[in-house]
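In what follows, a structure is listed as structure tokens, so that the remarks can point back to it.
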Amino acid sequence: MPRTVYYTAVTLDGFIADPNDSLEWLLRQTEEQPDDGFFEGVGAIVMGSTTYEWLLRNLDGPWPYTVPTWVMTHRNSALPENGEDGKKPDIRFAQGPVADHYVEMCTATGDHDLWVMGGGDLAGQFADEGFLDEIITYTAPVVLGKGRPLLPRRLDLELIEAGYSGPFVIARHRVIGPLLEDG
Ligand SMILES: NC(=O)c1ccc[n+]([C@@H]2O[C@H](COP(=O)([O-])OP(=O)(O)OC[C@H]3O[C@@H](n4cnc5c(N)ncnc54)[C@H](OP(=O)(O)O)[C@@H]3O)[C@@H](O)[C@H]2O)c1
């Protein structure tokens with residue numbers, strides 16, 4: 001069974017982008033991609049349309065992902081012309097409940113991980129269905145005060161790994177389920 005993992009960078013105060021969808025706070029931290037083996041284990045990706053459009057605007061070359069990628073959207077978005085391998089990128093637009101697409105996404109991973117790239121509410125939609133297995137965060141040493149939230153839900157988590165890389169604190173959490181609260 002593939003794992004469904006929300007893997008993202010985040011500020012110390014819990015934002016994945018500033019209020020204008022800028023990631024300048026992240027891009028100034030490091031030019032390097034993390035070398036943690038996560039990307040090699042990814043078999044499919046899912047993201048929301050704001051994230052997709054940010055990627056399209058900031059692409060510095062061809063589409064970087066070779067695995068099937070779902071974009072959840074109600075919009076008619078553009079498609080990048082080609083991927084790093086010279087082939088047409090496998091980008092699939094979908095809408096509606098994530099449960100309607102989850103089996104197809106998992107099948108497409110070929111038993112690898114499904115990477116929920118973001119945003120936060122999309123990760124929440126997977127959590128609402130009990131599909132989200134893990135959250136891996138790279139916390140940057142910056143606070144923004146406001147912005148796009150990491151995961152606007154109330155969930156109970158278990159810390160299963162922690163460390164750091166350069167300026168980032170890395171944490172891997174297992175999603176236990178909805179936060180059980182008194183009253
Ligand atoms: N720090 C990081 O590493 C990191 C990672 C990922 C993203 N980001 C950034 O964080 C911000 C996230 O933006 P965001 O919170 O607006 O989230 P988003 O998930 O990227 O986009 C949200 C939009 O996706 C569409 N959508 C979501 N679920 C859908 C569904 N089930 N069916 C159909 N459409 C659906 C809706 O737009 P429409 O219906 O209008 O299409 C919704 O408004 C972006 O700026 C992104 O670049 C940062």
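The values are calculated or read from the model by the stated rules, or taken from the named source; none is laboratory data. Since the structure is predicted, the reported quantities are computational estimates derived from the model, not experimental observations. For neighbour counting, all protein chains shown are included, and Cβ atoms are generated from backbone atoms with ideal geometry for every residue, glycine included. Please note that ligands, DNA and RNA were not included when accessible areas were found on the heavy atoms of the full protein model with its side chains. Shrake-Rupley method; radii C 1.70, N 1.55, O 1.52, S 1.80 Å.
For the reader, a short list of remarks on this structure follows.
- Region 90-127, residues that are farther than 23 Å from P64 by Cα and either of a type in the set (D, E) or more than 14 Å from the ligand (Cβ to nearest atom) (or both): D100, V103, D121
- Looking at G83, G61, G130, just one residue is more than 12 Å from the ligand (Cβ to nearest atom), more than 20 Å from D21 (Cα to Cα) and open to solvent by less than 20 Å² (accessible area, probe 1.4 Å), and that residue is G83.
- Residue in region 23-58 that is surrounded by the most Cβ atoms within 10 Å (Cβ to Cβ), counting only those that are under 25 Å from G130 (Cβ atoms) and away from the ligand (no atom under 13 Å from the Cβ): A44
- Leading residue by the ranking (nearest to the ligand (Cβ to nearest atom)) among those in region 1-22 that are assigned to a loop (DSSP other than H, G, I, E, B) and more than 19 Å from S165 (Cα to Cα): D21
- Residues that are surrounded by 15 or more Cβ atoms within 10 Å (Cβ to Cβ) and not in a helix (DSSP H, G or I) within region 95-127 comprise V98, T109, H112, D113, L114, W115, V116, M117, G118, G119, listed in sequence order.
- Residues of region 141-174 classified as without any contact (Cβ under 8 Å) to a residue 40 or more places away in the chain, open to solvent by 70 Å² or more (accessible area, probe 1.4 Å), aliphatic (A, V, I, L, M) and out of contact with any Lys or Arg (no Cβ under 8 Å at 6 or more places or on another chain), total: 1
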